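Chemist: Structure in structure tokens, see below.
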Amino acid sequence: MKLLGTNASPYVRKVRLVLLEKNIPHDYVVDPPRGPGSQVARVNPLGRIPALILDDETCVFDSPVIAEFADSLNDHPILIPRNDARARMRVKRWEALADGIMDSAVTVRTESMRPAEKQEAGNINLHNNAITRALVYAADQLGASEWCEGDSIALADLALASALAYLDLRQTGRDWRSAHPNLDAWFIRISKRASVRATLAG
Ligand SMILES: N[C@@H](CCC(=O)N[C@@H](CS)C(=O)NCC(=O)O)C(=O)O
């Protein structure tokens, strides 16, 4: 299978982490959707990354669908609980929270790249405030635990790591580490994993 993406995209990082953690063989192809000759819109009608192309040319999108599909391919490890409905919901809710942080941070970035007179300060504030609230919620939910859900790594951890890495990339002025020392300690720990190191290296 082939994963189309870019190194900056937080959604791509999330699914790369899933594929790496589960040791699923794949080719990672850097393909900016707006780049000349991009094949993204040909395989995903939405023209977005990540797009996972299976060996029979089936295209899987978007990132939650890719993550769930990849998780179903093997049990090593199980990243989305299979039988415990509440635990499964909590993991998917962590993913929704992390994806929401990504959505808002991407919106802030897109808005800030417009000419100053066309930027909507209200929209930027709205999304920055959503990120701030989501981080408070994440820190509260994590508490002093080693993992976001249960006693081992889950999609929740990979999604949260991707969201925080994106804030580090695009919101350098946001000092989430001082505001939430438990998220900081957790991020330092998870950043030592080979999968996270590989995606942060490019
Ligand atoms: N909800 C989607 C969001 C994907 C998305 O918005 N990706 C961005 C890159 S970060 C994209 O491909 N944008 C299209 C573009 O840049 O033209 C997912 O989770 O996969």
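Chemist: SER162 - would you say it is part of a helix (DSSP H, G or I), touching a helix residue (DSSP H, G or I) at 6+ places or on another chain (Cβ under 9 Å), under 18 Å from VAL108 (Cα atoms) and not aliphatic (A, V, I, L, M)?
Modeler: Yes; evaluated as a whole, the condition is true for this residue.
Chemist: Consider only pairs whose beta carbons are under 6 Å apart and that are at least six residues apart or on different chains; among these, list those whose first residue lies in region 45-69 and is not assigned by TED's automatic domain parsing to the domain that holds GLY100 and of a type in the set (S, T, N, Q) and whose second residue is near the ligand (Cβ under 9 Å from one of its atoms) and assigned to a loop (DSSP other than H, G, I, E, B).
Modeler: From residues that are not assigned by TED's automatic domain parsing to the domain that holds GLY100 and of a type in the set (S, T, N, Q), the pairs are SER63/PRO50.
Chemist: Just checking, how many residues over region 171-184 are of a type in the set (A, V, I, L, M, F, W, C) and open to solvent by less than 50 Å² (accessible area, probe 1.4 Å)?
Modeler: 2
Chemist: For region 75-106, how many residues are small (Gly, Ala, Ser), touching a Lys or Arg at 6+ places or on another chain (Cβ under 8 Å) and closer than 18 Å to VAL65 by Cα?
Modeler: Adding up the residues that qualify gives 1.
Chemist: Against the definition (open to solvent by less than 70 Å² (accessible area, probe 1.4 Å) and part of a helix (DSSP H, G or I)), how does ASP140 come out, yes or no?
Modeler: no
Chemist: Further question on the same structure: On the basis of being outside the structural domain of ASP62 (by TED's automatic domain parsing), under 22 Å from PRO77 (Cα atoms) and in contact with a Lys or Arg (Cβ under 7 Å, 6 or more places away or on another chain), does LEU200 make the cut?
Modeler: no
Chemist: For ASN44, which of the numbered conditions (1) touching a strand residue (DSSP E or B) at 6+ places or on another chain (Cβ under 8 Å); (2) under 19 Å from ALA201 (Cα atoms) fails to hold?
Modeler: Going through (1) touching a strand residue (DSSP E or B) at 6+ places or on another chain (Cβ under 8 Å); (2) under 19 Å from ALA201 (Cα atoms) one by one, ASN44 breaks only (2).
Chemist: Same structure, new question: Among the residues of region 21-67, write down those that are open to solvent by 70 Å² or more (accessible area, probe 1.4 Å), more than 14 Å from the ligand (Cβ to nearest atom) and closer than 23 Å to ILE153 by Cα.
Modeler: ASN23, PRO25
Chemist: Is there a residue being under 15 Å from the mean Cα position of the chain (by Cα), among the β-branched types (Val, Ile, Thr) and away from the ligand (no atom under 12 Å from the Cβ) anywhere in region 81-98?
Modeler: yes
Chemist: What number of residues within region 9-31 are under 17 Å from the mean Cα position of the chain (by Cα) and outside any strand (DSSP E or B)?
Modeler: Here the count works out to 14.
The values are calculated or read from the model by the stated rules, or taken from the named source; none is laboratory data. Just so we're clear, the structure is a prediction, and the values are computed from it rather than from any experiment. Glycine gets a Cβ as well: all are built from the backbone with ideal geometry, and neighbour counts include every protein chain shown. Note: areas computed on protein heavy atoms with side chains; ligands, DNA, RNA excluded. Shrake-Rupley method; radii C 1.70, N 1.55, O 1.52, S 1.80 Å.
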